[in-house]
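Asker: Structure below; questions to follow.
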């Protein structure tokens, strides 16, 4: 083999090794970017889940308060009917 051919083969091997290394590094960089993006999505999902749970609890509390106020209104209405001389219940 000639010296030129050996040099060309060595250069080709070095170029292929560099290309393989660059491809591996690029793939690793893309994977890391995807990991970071996935973590950001998980964090956002956790925040939204906490907000939704807080809203659900507030709505439940509001519903219970409304129910209590409705019961109080019914009791007051019933008492008013008992006291009002113009209603059937007061005449009994």
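The values are calculated or read from the model by the stated rules, or taken from the named source; none is laboratory data. As the structure is a prediction and not an experimental result, all values here were calculated from the model. Note that we place each Cβ from the backbone using ideal geometry, even for glycine, and neighbour counts take in every protein chain shown.
Asker: On the phi < 0 side of the Ramachandran plot, under 34 Å from the mean Cα position of the chain (by Cα), surrounded by 10 or more Cβ atoms within 10 Å (Cβ to Cβ) and modelled with pLDDT of 95 or more, is that true of residue 12?
Answerer: no
Asker: Return the pair list, or none, for Cβ contacts closer than 7 Å from residues in segment 25-53 that are touching a residue at least 12 places away in the same chain (Cβ under 8 Å) to residues that are part of a helix (DSSP H, G or I), at least 6 apart or on different chains.
Answerer: Short answer, once both residue conditions are applied: none.
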